[in-house]
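Here the structure is laid out as structure tokens; the discussion comes afterwards.
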Amino acid sequence: MKIRGSWLLGVLAAVLLTAGCSSYEGDFVYKSEAELAEMEKLNESAHNAFLQNDFSTATDLLQTLTKERTVSRPLYQMELLSVLLMNNQHKEAHDLMVSLHEDLETLFDTKLEEKALSVWHGEINKVFKGDAYERSTFYAFMAMSFIREQKYEDAIRCVKNGLLADADSNKEEAINDYALLHYLGYLAAKKMNDTAEAKEYWRGLHAALASRGIVLHDKNGKVIDGNCFEQLQKRNPNVLLVVWAGLPPTVMCTGEYKEIRSIIRGVNHFDAMAIAVGNGQNIFMPNNLADIDYQATSRGGRLMDNVLADKATAKKTMEVSRNLFFVAGTVLITVGARMPPPSSLAIMGAGLGCYVVGGTVWVIGAMINPTADGRYWHNLPGQLYIVPLELPPGEHEVRISGFYRADLAANNVFKIQVPDNNSMNIVHLPMMQQGMTAVQNAAQKIIEERTEIINRAAYQRMAKEIK
């Protein structure tokens, strides 16, 4: 019996090890889950440098992470893209996007996908492709880059890819609601003098905003006064300002085995933003045109969530079964020890058998990995504010004002250079950290006001009781 039991355990272990191991296809560099987690820590350091506008340090760290073709390299290329855009390294950013686009569209490893779906490995083992909001935002950046390059047909293709990515949603009402993509399509079509397509994209922009309750026209089709979106229809803009505001959505893995993946809204420090060029008056910038927070949290669940839930259920079942077998084995051995032979030997043998089965179940349960993928694009804002401008060549001073609950929360002055060319100049400006203090002060003020109201009500009740 001992030899047969040992042989069976040996076969079981070999089967489990074979199921748990798989080689990579192509030229992927293998990284264990522990190594992938360490790479994420380095990415956090790069993100902190990015927020502090230390683009040199962020670039060095991210270039280290992108040297090898790992399953996380597409993510770190996205992180590096943000740094290049914010540092106005347009050529490097464009080349990186072209390369990354090919990976996002064609890079697929069957064995890695099977590995992530298997019960033995966490989801982090698959090639990072990003959520719908990440892919659609990437294509929005790529469309801007092609508009800058005056390759408008390529820009339209990027817009369509972005809308296709945005359609990856469990909620039908959330499809095609990324207004920025429609605006970039309108801009590219307008540059191509394709009036019909430009009108189509402009209608798409209105529909996307209307799905969020933002109506730009009254029942008679007239433009509503104070509608800052109409400035997006400037006749011949040569500058497109892209202001990055607020902190990005984050991914959190919770549950007993970290199998529940949730996207948490970021923090948008502003209710509204305004721009003034030189000594000009403030012009309010369109809000909710590119609300990345909303895009991230309005897509619904994933099919992978069901797979991970099944893995977690299987692991929990194994743990409960293990305990039941161990308890049964202990009871049988205890009872058998108190009985005379040969009955005692049979009962104690059954108890030992329960221990063997319980141990086997324990090994299987320990090897099941239902952990969700916690990777996400860190170097994104909570919202992108877009405004087209018509400016003469030369240096210009631009003042960006952020408002929170009608109060001025931040006021930054930037100097931008407009070259003497016929292309659309894309300028990215950082406002991700600004306004944080104002939001915190406002939140503290609300807490103090609520506390004061509660205390006043308590005093009033006490006064009535005394009377």
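For residue 212 and residue 321, a Förster radius of 41 Å and the Cβ-Cβ distance give a FRET efficiency of 0.25, rounded to the nearest 0.05. Ranked by the mean number of other Cβ atoms within 10 Å per residue, highest first, peptides 409-415, 94-100, 187-193 order as 187-193, 94-100, 409-415. For residue 283, the residues whose amide H sits under 5 Å from its own are 275, 276, ignoring neighbours fewer than 5 places away on the same chain, with H placed 1.01 Å from N.
Straightening the chain between residue 337 and residue 44 buys 99.7 nm, computed as 0.36 nm per residue apart minus the Cα-Cα spacing. Along segment 133-138 the Karplus relation, 6.51 cos²θ - 1.76 cosθ + 1.60 evaluated at θ = phi - 60°, assigns HN-Hα couplings of 5, 6, 5, 5, 5, 4 Hz to successive residues, with x for each Gly and Pro.
Using the Karplus relation 6.51 cos²θ - 1.76 cosθ + 1.60 with θ = phi - 60°, the per-residue 3J(HN,Hα) values for segment 47-52 come to 5, 4, 5, 4, 5, 8 Hz, with x marking Gly and Pro.
Take the residue pairs 126/311; 199/415; 126/258; 190/415; 160/415 and return only those whose Cα atoms are more than 25 Å apart.
Values: 126/311 16 Å; 199/415 34 Å; 126/258 17 Å; 190/415 28 Å; 160/415 33 Å.
Violating the 25 Å Cα-Cα cut-off are 199/415; 190/415; 160/415.
Which distance in nm do the two modelled labels at residue 260 and residue 129 give, with both placed 7 Å along the Cα-to-Cβ direction? Rounded to a tenth, the inter-label distance reads 2.6 nm. Here the simple spin-label model places points 7 Å from the Cα toward Cβ, and for residue 462 and residue 118 these points are separated by 6.7 nm. Residues whose amide H comes within less than 5 Å of that of residue 120, counting only those at least five positions distant or on another chain, are 369 (H built at 1.01 Å from N in the peptide plane).
Grab the other residues whose beta carbon is less than 13 angstrom from that of residue 365, score K and R as +1, D and E as -1, and report the net. Neighbourhood net charge equals +2. Using the Cβ of residue 245 as centre and a radius below 11 Å, the other residues enclosed give a net charge of -3, where K and R count +1 and D and E count -1.
Ranked from highest to lowest mean number of other Cβ atoms within 10 Å per residue, what is the order of the peptides 152-164, 49-61? Could the numbers behind the result be given before it?
Working: 152-164: 20.5, 49-61: 17.2.
Descending packing order for the listed peptides: 152-164, 49-61.
Where a number appears in this text, it was derived from the coordinates with a stated rule and is not lab data. From a predicted model like this one, the values you see are computed outputs, not experimental measurements. Don't worry about glycine lacking a Cβ; one is built from the backbone with ideal geometry, like all the others, and counts go over all protein chains shown.
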